[in-house]
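Trainee: I have a structure here, written as structure tokens, and I will follow up with some questions on it.
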Amino acid sequence: MLAVVEGIHDIEFLRRISWVLYLDNPQLPNVAELERQGELVFIPFGGGPVAAWADRLAPLEKPEFHLIDREQPPEIEFRRAVVASINQRKNCRAFLTHKRSLENYLHPAAILEVANVEVEIGDSDDVAELVSHRLFLRKGCQEAWESLSRRPRRRLANRAKRWLNTLAVDQMTLELLCERDPNDEVRGWFQAIAELAEAHSVCRR
């Protein structure tokens, strides 16, 4: 099956958080193991137009799981429509995150453990920029954050994204995830992956 996500950081997040859920419930997939078995292939589309991937992979006739970041208005409504169109296709499941991006599902305690920085995370915050801002201030740089141009800010945020989606996710526990995701949204993504994988396995028998 194919798992379509926006970028490589999303892949790292999903590999690691799936392990947390798998330890609690082995009926949910360990996506890293599915990758090793050749049962799942991640396809990062690099943050380009989401609509371009709504049916691009249809000729392959493989089950498809799509996870799309909510982002900010007015982009939300456009992305919601793309998700709806994907879900009309056979053996395809698409989800629009309820939070802005996957970093918003991290618990502040996990970030504190890795970077020794305290943050409060709202569902619509740009977590990578928020964390990189706090780290910038902690270094006591003479240059004000507000005076930085967009390019160095994004460079610092991208650096934070790398460890947020790897080291910080590695600090997540089931209890921390439940605090950040009380409606079990993340668990629902992996349940959908499990159902798609099972349906594909049945069809091949």
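Trainee: In the set [x] 122; [y] 163; [z] 111, which value of volume of the Cα convex hull per residue in Å³ was calculated from the structure you see?
Mentor: It is the value labelled [x].
Trainee: Before rounding to the nearest 500, sum -39500 (n - 2.57) across all DSSP H runs of length at least 4 in the chain and divide by the residue total; then give [θ] at 222 nm in deg cm²/dmol. Intermediate values should be presented prior to the final figure.
Mentor: Working: 8 runs with 97 residues, N = 205.
Calculated mean residue ellipticity at 222 nm is -14500 deg cm²/dmol.
Trainee: Could you give the dipole magnitude of segment 46-205 about its Cα centre, charging the beta-carbon of Lys and Arg +1 and that of Asp and Glu -1, in debye to the nearest 20? All intermediate terms of the calculation are to be shown ahead of the outcome.
Mentor: Working: 25 positive and 25 negative charges, 156 e Å.
For segment 46-205, the charge dipole is close to 760 debye.
Trainee: Right, another one. Taking Cα pairs under 8 Å and at least six residues apart, what relative contact order does the chain come out at, in percent? Let's see the in-between values first.
Mentor: Working: 267 pairs, mean separation 53.9, N = 205.
Worked out over the chain, it gives 26 percent.
Trainee: Please identify every one of the trypsin sites (Lys or Arg not before Pro) in segment 81-169 that sits in a loop by DSSP and has no more than 10 other beta carbons within 10 Å of its own beta carbon. It would help to have the intermediate numbers written out before the result.
Mentor: Numbers: sites: ARG89, LYS90, ARG93, LYS99, ARG100, ARG134, ARG138, LYS139, ARG150, ARG153, ARG154, ARG155, ARG159, LYS161, ARG162; in loops: ARG89, LYS90, LYS99, ARG100, LYS139.
Those that pass, being in a loop and sparsely packed, are LYS90, LYS139.
Trainee: Please list, ordered by chain and number, the residues whose modelled amide H lies under 5 Å from the amide H of GLU64; skip anything fewer than 5 residues away on the same chain.
Mentor: Counting only residues 5 or more places away or on other chains, the set is LEU2, CYS92, ARG93.
Trainee: Once both axes come from the Cα atoms, what is the angle between helix 150-163 and the longest principal axis of the chain, in degrees from 0 to 90, rounded to 10?
Mentor: Approximately 60 degrees, to the nearest ten.
Trainee: Hey, another quick one. Using a basic spin-label model with each label point 7 Å from the Cα along Cα→Cβ, how many nm lie between ALA199 and LEU112?
Mentor: 4.2
Trainee: Cut-off under 26 Å on the C-alpha distance; same-chain residues fewer than 8 positions from LYS161 excluded. Which lysines are left, in chain and number order?
Mentor: LYS161 reaches LYS99, LYS139.
Trainee: I'd like the GluC sites (Glu not before Pro) in segment 8-90 restricted to DSSP loop residues with at most 16 other Cβ atoms within 10 Å, sorted by number. Show your work: numbers first, answer last.
Mentor: Details: sites: GLU12, GLU33, GLU35, GLU39, GLU61, GLU64, GLU71, GLU75, GLU77; in loops: GLU39, GLU61, GLU71.
Filter output for segment 8-90: GLU39, GLU61.
Trainee: Taking the Cα-to-Cβ direction at HIS98 and at LEU2 and moving 7 Å from each Cα, how far apart do the two end points lie in nm?
Mentor: Calculated label separation equals 2.9 nm.
Trainee: In the neighborhood of ARG89, defined by Cβ-to-Cβ distances under 14 Å, what is the net charge if each Lys or Arg adds +1 and each Asp or Glu adds -1?
Mentor: Computed value for this residue: +1.
Trainee: While we're here: May I ask you to derive the FRET efficiency for ALA58 and ASN25 from their Cβ-Cβ distance with R0 = 35 Å, giving the value to the nearest 0.05? Numbers along the way, then the final one.
Mentor: Details: r = 31 Å, r/R0 = 0.90.
Result of the calculation: an efficiency of 0.65.
Trainee: Figure the gain on full extension for GLN72 and ARG138 (residue separation times 0.36 nm, minus the Cα-Cα span) and round it to one decimal in nm. Could you put the intermediate results ahead of the total?
Mentor: Working: separation 66, 0.36 × 66 = 23.76 nm, distance 2.83 nm.
Between GLN72 and ARG138, full extension yields an extra 20.9 nm.
Trainee: Residue separation times 0.36 nm, minus the C-alpha to C-alpha distance between LEU167 and ALA81: what's the value? Walk me through the intermediate numbers first.
Mentor: Working: separation 86, 0.36 × 86 = 30.96 nm, distance 3.35 nm.
This chain segment gains 27.6 nm when fully extended.
Coordinate-derived values only; no laboratory data. It should be emphasised that the depicted structure is a prediction, and the values quoted were computed from it without experimental measurement. As a convention, Cβ positions derive from the backbone with ideal geometry for all residues, glycine included, and neighbour counts pool all protein chains shown.
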